[in-house]
Amino acid sequence: MLAYIIRRLGLLILTLVFISIITFLVFQILPGDPVQTMLGPDADPIRIKTLRHQLGLDQPLYIQYGHLIEGFIRGDLGQSIRFSMPVRDLIFDRLPLTLSLAFMSLIIVIFVSIPLGVIAARRENSWGDLLLSIFTQFGMAIPSFFMGMILILLFGSVFSLFSPGSYVPWSEDFWGALGSLLLPALTIAIPQIAVSYRYVRNGVIEQGQMDYVRTARGKGASEWKTLSHHILRNSLIPVLTILGLILAEVVAGTIVVEQVFSLPGIGQLLITSVSYRDFPVVQGLVLYIAFVIVVINFLVDILYSVLDPRIRLK
Amino acid sequence: MNQTRKKKNMNLLIGTIILLFFLCLMVISFFYTPYDVSKIQVSDKLQSPSLAHWLGTDKFGRDTLSRIMKSTQTAFFVGAVVVVIGLVIGTLIGGIAGYIGGWIDDIIMRFIDAMMAFPGIILAIMIVAVFGTGIINTSLALGILTVPSIARIARSGFIQNKALDYVVAAKAVGVHPMKIVFQEILPNVYSQLLVAGSIAFAGALLAESALSYLGLGVQPPDPSLGQMLNEAQEYLTDDPWYALAPGVTLSLLILGFYMLSNGLREVLDHRLS
Amino acid sequence: MRKVWVMSVTFAMLILLISGCSSNGQTKKQGEAKKEITVRMMADPDYLDPHKATASLTFQMLLNVYEGLMKPTPNGGVEPAVAESDKISKDGLTYTFKLRKGIKFHDGNPVTVDDVKYSFDRLTGQSGGAPLSDLSQIIKSVKTPDQETIVISLKKAYSPFLSQLTAMNAAILEKSNDSKQNTHPIGTGPFKFVEYKPQNKLVLEKFADYWDEDLPYLNKVTFSYQPDDDAASLSVKSGNLDLSGVTANKVDEVKTNNNIIEQNNNAVFLMGFNNDKKPFNDERVRQAISYVVNKDDVIDAAFSGHGSKLGSNMSPAMGKYFNKDLVDYYQPNIKKAKALLKEAGYGNGFSMTITVSSHNKVYSEAAQVIAEELKEVGIDAKINVIEWAKWLDDVYKKKNYEATIIDFTGTISPFEMLSRYQTNDPSNMMNFSDSQFDSLMKQAMKENDDDQRASLYKQAQKVLTEKAPAVFICDYQTEWALNKQFTGFKQYPIYYLDMAHIKPAN
């Protein structure tokens, strides 16, 4: 087991190195200059030249990259070009929002998909089951930004319950923060509910046909007890691992959704930084996101191999 | 059992009906649209649905129905190119990794892991920034993004089949590796790839619309559903149908491909069991 | 299941802890008379250091924090700010300023002539660093003969010089704050800087020691980040934003609790040609296209009808410098356009590409309308939409394009607005060259009399109209929605939200 984990960790680092190199190579050929992009077409050419020099942008990109990697090893993520701020501060400032968004989405996924899955499994092949299946697939099919637009239209304009872009941090106003994050979280959650729902439904159906369930029923256990003590407990094991994958999807989903709801999180920072050619920030963020996703995949794999020892042999 | 059969048909049936409908719409749009898709008539702008304009007009006074018909061409084109690129290159890479194995497999898989851990939309934005926007470039960028997931499926298919008795036997008697791949392994993997392909089609439509929503996908005057949504967004509260028409079309198209892929998978599972 | 619960709760508490640590724990106060205002910030400032900043949206906010020797007035002129008075020598080479008595920086220190000299040295690269401004090509020396006098000598007579002395071009900064200016801005304006969080907010607070004792009226100004027009109008409607530009189609929606103020932006929205490239090196082709483009349609499609048509590179917001006779010089006239094209040898039309940036929809919207109209004279125009960074690189810097659509934001100096059409100007992105225009601009630069100057600028505008280096389309308007609880909005011909004069309505 230990050897397996060590090998996986080695591969994890290799993956991150690849990601860093991909980002660097893409930036090597990406047209556009960060200072000119920031200052715009009315900028004084003299000012652009001086600022480029001050930022070290007149050096070849591989030297800039070298400095960055050197900094990474020391634990320093470097300085943002667009925001004249340490990349670390920029990321940490946004982390609470993106994390709470991801977490809220995950909670919604769990608390909606499990009951739905159970209900659908109990009434397998009824019209309700079929409708739910089409409904959840429809949830997956709606592009997240279109879903966001619909939710904004409904809750912002028709019911006036929500004002997009009025995000307040948790520490300032708990209910305000909850309110401003609920719709975005829902937008991210809806397509994932469909995924999780299907696993729960199939798991419950499968377990329901097992002998031990029949035995439990035969011993006179109530329907609720059978469900909660026997079926659910066993059918949720594969769901637990799929939640890891869902979490990875959720992290990626925040990027577009933050854009739709104008939330100042990691995703919005990433898109801004790419369009402003802010290489240090993009490099830092991409590595950070990839790290999270790779680690989640890693944990899921470990979990799998704990639950199913046969996998370790591979 | 009878009941399950009935349900299994549902996904395939509904998916196929939806897709056939849009395919017909696309074919018709090559020969006929109610109005000229690019004809600008500012005086007619932002009309609600009426007999003259079934789905209303956009902010330039162009007929929304005509534009939606035309944009199904874009959608099917982008999707088809993406799926072809993804399937060909993905199967090739995944096949090599799976069939040869060893350190080549390790390197390829790490690269694929890296690509998959990379936020897809960001990679797409960067590729588009390098090569430019437009239908062709968008399709290429999204095609590249599809490669890793298909490569993974192809790889695991190859690994499974490689170990099967008849392949091992063929190898032992010295059948040419190419022959083994094309005659023995691929026919067994292809059904899984078919499912992956139809999911990739849906994924391509989602990604294209997201790129166009950010203003970096298919560009005017080529009509695309994502770009129509992007244009309509600022009129969401006053003229909701303007955004709803392309939005619902897009969602239905994607739904069609999801249902098709689920239907196909169920048929496959059924056949296997 | 219980484990999931425990994990969830722990995780939730962790997040609360993280977010709790990372902010200052302020709480909102409500109930008092509205002396705090929330204003929309469309984009982040490029720099907080005014000597490095360029973007007009930055100065829209920061002109409340910084002042130059002069400051802009609503009618497009300048008036003394850090200086109390100014005197110009007859030959136009020497400018003498008296420092305003008792003026202080936000940290409480008095402004000295040394600070003024330091500010100019920093801009012109005299203090060791590289120059940050093209003022370095105009200013010969800055001298401080006594503790309240500053004498600036110029290399050559330069009539627009005073208008270059506002905080937009030459803010006065404190010498001791040199290295911290970008993170801890200190100026002399009516509001002092409190905090800035990228993509979130920029907060200003009343400066109690401001030299104009009546100002400002408000205690606090928060610029709140909102790049999306749609979301902004919803926030205006719900009262989360007190002052914001709203798109024209949203005006009716927000009218109930807001006053709408329509402002000309002093911008020039145009389709520029690469005047070096065939067939656009032939002025007849450029004129023909000018006869094809229907400006009203473009304004309708891209700005919902809210724009003033232009005939040259100057907006009516520039008052007496604006040549109003040129607006209808090119009326849409397909016959004339076809004749001109035939004369130039393009009777059967040609194909061209309009390259526009994706950062704002208006460019591609205008391009779609124009491309459709060009079909009428046989010109097949393709639209190529690229990223803003790529546009600046390909089109603006490398001039690798045929036609493009862009807007130039206005300044208070008519000279600066026209200068990019001079043959050797570094920002001459259209490769325009005309000897008559060049000589008119040279004359204007030397001319001391303002009325004479205005007449020269008008002639220069006429040359631009006739030679048509671009199709000058419009100056678009901003619809400002100001919460009815406030009043005192002042319009300037530059991007400047003057928060000092805003006061509670009662």
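The values are calculated or read from the model by the stated rules, or taken from the named source; none is laboratory data. Just so you know, these numbers come straight off a predicted model, no measurement behind them. Ideal geometry is used to build each Cβ from the backbone, glycine not excepted, and the neighbour counts take in all protein chains shown. Accessible surface areas use protein heavy atoms only, side chains included; no ligands, DNA or RNA. Shrake-Rupley method; radii C 1.70, N 1.55, O 1.52, S 1.80 Å.
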Q. When you scan region B:91-183 for helices (runs of 4 or more DSSP H) that lie fully inside it, which ones turn up with 2 or more residues that are closer than 30 Å to A:Ile255 by Cβ and of a type in the set (A, V, I, L, M)?
A. B:102-117, B:120-131, B:135-162
Q) If you go through region B:15-46, how many residues are within 14 Å of chain C (Cβ to nearest Cβ) and of a type outside the set (Val, Ile, Thr)? A) 9
Q: Could you list all residues from region B:243-257 that are open to solvent by less than 30 Å² (accessible area, probe 1.4 Å), in contact (Cβ under 8 Å) with a residue 40 or more places away in the chain and facing another protein chain (nearest Cβ under 10 Å)?
A: B:Pro246, B:Leu250, B:Leu253, B:Ile254, B:Leu255, B:Gly256, B:Phe257
Q: Go through region C:243-259 and give me each residue that's closer than 26 Å to C:Lys35 by Cα and either at pLDDT below 85 or open to solvent by less than 50 Å² (accessible area, probe 1.4 Å) (or both).
A: C:Leu243, C:Ser244, C:Gly245, C:Val246, C:Val251, C:Glu253, C:Val254, C:Asn257, C:Asn258
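Here's a check for you: in region A:71-96, which residue that is away from chain C (no Cβ under 14 Å) and touching a Pro at 6+ places or on another chain (Cβ under 9 Å) is least open to solvent (accessible area, probe 1.4 Å)?
Residue satisfying both the conditions and the ranking: A:Gly71.
Pull up region A:108-128, narrow it to residues that are in a helix (DSSP H, G or I) and without any contact (Cβ under 8 Å) to a residue 24 or more places away in the chain, then point me to the one that is surrounded by the most Cβ atoms within 10 Å (Cβ to Cβ). Lay out the reasoning, then the answer.
Step one: filter region A:108-128 for residues in a helix (DSSP H, G or I), giving A:108-122, A:127-128.
Okay, now just the ones that are also without any contact (Cβ under 8 Å) to a residue 24 or more places away in the chain, so A:111, A:115, A:119, A:127-128.
Numbers: A:Phe111: 12, A:Pro115: 12, A:Ile119: 17, A:Trp127: 8, A:Gly128: 13.
Among those that are in a helix (DSSP H, G or I) and without any contact (Cβ under 8 Å) to a residue 24 or more places away in the chain, it is A:Ile119.
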Q: List the number of the failed condition for B:Ser191; all other conditions in (1) assigned to a helix (DSSP H, G or I); (2) within 14 Å of chain A (Cβ to nearest Cβ); (3) open to solvent by 10 Å² or more (accessible area, probe 1.4 Å) hold.
A: (2)
Q: For region B:96-112, indicate whether the set of residues that are charged (D, E, K, R), more than 18 Å from the chain's Cα centre (by Cα) and modelled with pLDDT under 80 is non-empty.
A: no
**Q.** Filter result (in contact with a Lys or Arg (Cβ under 9 Å, 6 or more places away or on another chain), touching a residue at least 12 places away in the same chain (Cβ under 8 Å) and of a type in the set (D, E, K, R)) within region A:54-92
**A.** A:Asp76, A:Arg82
Q. Quick one: in region C:176-200, which of the residues that are in contact (Cβ under 8 Å) with a residue 60 or more places away in the chain, outside any loop (DSSP other than H, G, I, E, B) and buried (at least 17 other Cβ atoms within 10 Å of the Cβ) is farthest from the chain's Cα centre (by Cα)?
A. C:Asn177
Q. Can you tell me which residues in region A:231-257 are open to solvent by less than 60 Å² (accessible area, probe 1.4 Å) and without any contact (Cβ under 8 Å) to a residue 24 or more places away in the chain?
A. A:Ile255
Q. Quick one: in region C:19-66, which of the residues that are more than 8 Å from chain A (Cβ to nearest Cβ) and modelled with pLDDT under 85 is nearest to the chain's Cα centre (by Cα)?
A. C:Lys34
Q. Within region B:206-242, how many residues are open to solvent by 20 Å² or more (accessible area, probe 1.4 Å) and among the acidic types (Asp, Glu)?
A. 4
**Q.** Answer from C:Glu262, C:Glu205 - the residue that is closer than 30 Å to C:Phe322 by Cβ, open to solvent by 20 Å² or more (accessible area, probe 1.4 Å) and either away from chain A (no Cβ under 14 Å) or assigned to a loop (DSSP other than H, G, I, E, B) (or both)
**A.** C:Glu262
Q: Within region A:56-70, track down each residue that is open to solvent by less than 70 Å² (accessible area, probe 1.4 Å) and more than 15 Å from A:Val282 (Cα to Cα).
A: A:Gly56, A:Leu57, A:Pro60, A:Ile63, A:Gly66
Q) Any residue in region A:132-146 that is part of a helix (DSSP H, G or I), closer than 30 Å to C:Thr183 by Cα and touching a Gly at 6+ places or on another chain (Cβ under 6 Å)? A) no
**Q.** Filtered residues of region C:386-409 (kept if open to solvent by 10 Å² or more (accessible area, probe 1.4 Å) and more than 10 Å from chain A (Cβ to nearest Cβ))
**A.** C:Lys399, C:Asn400, C:Glu402
Q: Those residues that are facing another protein chain (nearest Cβ under 8 Å) and among the aromatic types (Phe, Trp, Tyr), I need them from region C:223-259; list them, please.
A: C:Tyr225
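Condition (residue is open to solvent by less than 30 Å² (accessible area, probe 1.4 Å), among the hydrophobic types (A, V, I, L, M, F, W, C), modelled with pLDDT of 75 or more and touching a Leu at 6+ places or on another chain (Cβ under 9 Å)) applied to region A:155-162: is it met by at least one residue?
No - not one qualifying residue is present in region A:155-162.
State whether one or more residues within region C:271-278 are of a type outside the set (Lys, Arg), assigned to a helix (DSSP H, G or I) and open to solvent by less than 10 Å² (accessible area, probe 1.4 Å).
The initial filter retains those residues of region C:271-278 that are of a type outside the set (Lys, Arg), namely C:271-276.
Now narrow it down to the ones that are assigned to a helix (DSSP H, G or I): none.
No: region C:271-278 contains no residue that is of a type outside the set (Lys, Arg), assigned to a helix (DSSP H, G or I) and open to solvent by less than 10 Å² (accessible area, probe 1.4 Å).
Just give me the residues in region A:165-179 being in a helix (DSSP H, G or I) and open to solvent by 10 Å² or more (accessible area, probe 1.4 Å), in sequence order.
Start the filter on region A:165-179 by keeping residues that are in a helix (DSSP H, G or I), which leaves A:174-179.
Passing the criteria: A:Phe174, A:Trp175, A:Gly176, A:Leu178, A:Gly179.
Which members of region C:233-259 meet the condition of being hydrophobic (A, V, I, L, M, F, W, C) and part of a loop (DSSP other than H, G, I, E, B)? Even if it seems obvious, please write down each step before you answer.
Filtering region C:233-259 for residues hydrophobic (A, V, I, L, M, F, W, C) gives C:234, C:236, C:241, C:243, C:246, C:248, C:251, C:254.
Passing the criteria: only C:Leu241.
From the list C:Asp380, C:Asp434, C:Asp394, C:Asp438, pick out the single residue that is over 22 Å from the mean Cα position of the chain (by Cα) and modelled with pLDDT under 90.
C:Asp394
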Q. For the subset of region A:1-24 comprising residues that are among the aromatic types (Phe, Trp, Tyr) and open to solvent by 30 Å² or more (accessible area, probe 1.4 Å), which member is nearest to B:Thr133 (Cα to Cα)?
A. A:Phe18
Q: Go over the candidates A:Phe103, A:Phe27 one by one and state the one that is open to solvent by less than 50 Å² (accessible area, probe 1.4 Å), more than 10 Å from chain C (Cβ to nearest Cβ) and assigned to a helix (DSSP H, G or I).
A: A:Phe27
Q. Of C:Val385, C:Val356, which residue is within 21 Å of B:Glu234 (Cβ to Cβ) and modelled with pLDDT under 90?
A. C:Val385
Q | Members of region B:48-69 found to be within 14 Å of chain C (Cβ to nearest Cβ) and either under 16 Å from B:Leu250 (Cα atoms) or free of Cβ contacts under 8 Å to residues at least 24 places away in the same chain (or both), listed by number | A | B:Thr57, B:Phe60, B:Gly61, B:Arg67
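Can you name every one of the strands (runs of 3 or more DSSP E) wholly within region C:79-162 that holds 1 or more residues which are touching a His at 6+ places or on another chain (Cβ under 9 Å)?
Filter on region C:79-162 gives an empty set.
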